[in-house]
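These notes are about the structure you will find just below.
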Amino acid sequence: MQEMNLQVELLEQNSVQYFKVVGEIDAFTAPVLRERLAAVENVDGLKAELDLSEVDYMDSTGLGVFVGFYKAVSANGGHVKITGLNKRLNRLFEITGLNEIIDIEQKESEDHNATL
Amino acid sequence: MQHYDYIEIKIPAKAQYVGVARLMISGIASRLGFTYDDIEDLKIASSEAITNAVQHAYGEDEDGEVVVGCALYEERLEIMIADHGASFDFEETKKHIGPYSDASDARFLREGGLGLYLMETLMDEVKFHHEEGVTVFMTKYLGRERGEEDVKRTANS
């Protein structure tokens, strides 16, 4: 059994499916994330929020999972919002141009220039 | 020849070891004095190359290995990632590295090219070499400013 540094919690099941993702998203953990999201992606008109504020590493395997999820949810008339992005994650979405396609939101504390 | 220290790790071509190699890269980059952002860039770029080797170099039932070699110079870090090979002769392999061409690197593009794109964006230099396997050769220089980051929303403050 291999210890996996990723947790995906579904915290709310009302009108919005709120997923909290914690840990590292890479080639090893991405399949778990994909599986969790695939369980809801075909719900008609799904409203999903993915909170990545506690993701401390992500590469293209994670971006690939989110793109796939976004496509499936959009095709079923739903909406995906990705929230809690730190500067690093936000930059990944920006340099790949995915910020133009997927609804993303930065961490509040990083939303403005902290000069303290 | 310029002096460098060399560190190499060989991992089984399995997804659970990509993170192990990433920790090594992170440790080396921090030893060399790269900034926090540069260390993150190095972690992502090398993970992309290692992931690619892990996912595509070997068949389902084939046991393979991926070699990650790092040459630590005073002003730069060179990383070489090779599948289908025993430990390589760093200098010899480097001689055969050339710029990649889109046609010959279909393996990367098939994945949507996102991994390759990130490698090229986050590193200062990326080269590929195809022979028995694929070798990726990447360089990042210390203290190179990336223009885009340093503009830093000063307008807001």
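Laboratory data are not the source of any read-out in this text; all were calculated from the coordinates shown. Everything numeric in this text was worked out from a predicted model, so none of it was measured. Glycine gets a Cβ as well: all are built from the backbone with ideal geometry, and neighbour counts include every protein chain shown.
Rundown of residues vs (1) among the hydrophobic types (A, V, I, L, M, F, W, C); (2) over 13 Å from the mean Cα position of the chain (by Cα); (3) surrounded by fewer than 23 Cβ atoms within 10 Å (Cβ to Cβ), yes/no style:
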{"position": "B:10", "(1), (2), (3)": "no, yes, yes"}
{"position": "B:24", "(1), (2), (3)": "yes, no, yes"}
{"position": "B:30", "(1), (2), (3)": "no, yes, yes"}
{"position": "B:49", "(1), (2), (3)": "yes, no, no"}
{"position": "B:59", "(1), (2), (3)": "no, yes, yes"}
{"position": "B:63", "(1), (2), (3)": "no, yes, yes"}
{"position": "B:74", "(1), (2), (3)": "no, yes, yes"}
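Being touching a Leu at 6+ places or on another chain (Cβ under 7 Å), part of a strand (DSSP E or B) and away from chain B (no Cβ under 14 Å): is that true of residue A:11 here? Talk me through it step by step, then tell me what you get.
Working: touching a Leu at 6+ places or on another chain (Cβ under 7 Å): no; part of a strand (DSSP E or B): yes; away from chain B (no Cβ under 14 Å): yes.
Taking the combined requirement at face value, the residue does not satisfy it.
Taking into account only those residues within the stretch A:45-89 that are within 29 Å of residue B:55 (Cα to Cα), surrounded by 19 or more Cβ atoms within 10 Å (Cβ to Cβ) and among the charged types (D, E, K, R), which is nearest to the other protein chains (Cβ to nearest Cβ)?
A:59
Can you confirm whether the stretch A:31-44 contains a residue that is surrounded by fewer than 19 Cβ atoms within 10 Å (Cβ to Cβ) and among the polar types (S, T, N, Q)?
Scanning the stretch A:31-44 turns up at least one residue that is surrounded by fewer than 19 Cβ atoms within 10 Å (Cβ to Cβ) and among the polar types (S, T, N, Q).
Of the residues that sit in the stretch B:36-72 and are within 12 Å of another protein chain (Cβ to nearest Cβ) and either among the charged types (D, E, K, R) or part of a loop (DSSP other than H, G, I, E, B) (or both), which one is farthest from residue B:143 (Cα to Cα)?
Once the filter is applied, the top-ranked residue is B:48.
Can you tell me how many residues within the stretch A:14-44 are within 11 Å of another protein chain (Cβ to nearest Cβ), farther than 16 Å from residue A:84 by Cα and either part of a strand (DSSP E or B) or among the acidic types (Asp, Glu) (or both)?
So the count comes out to 1.
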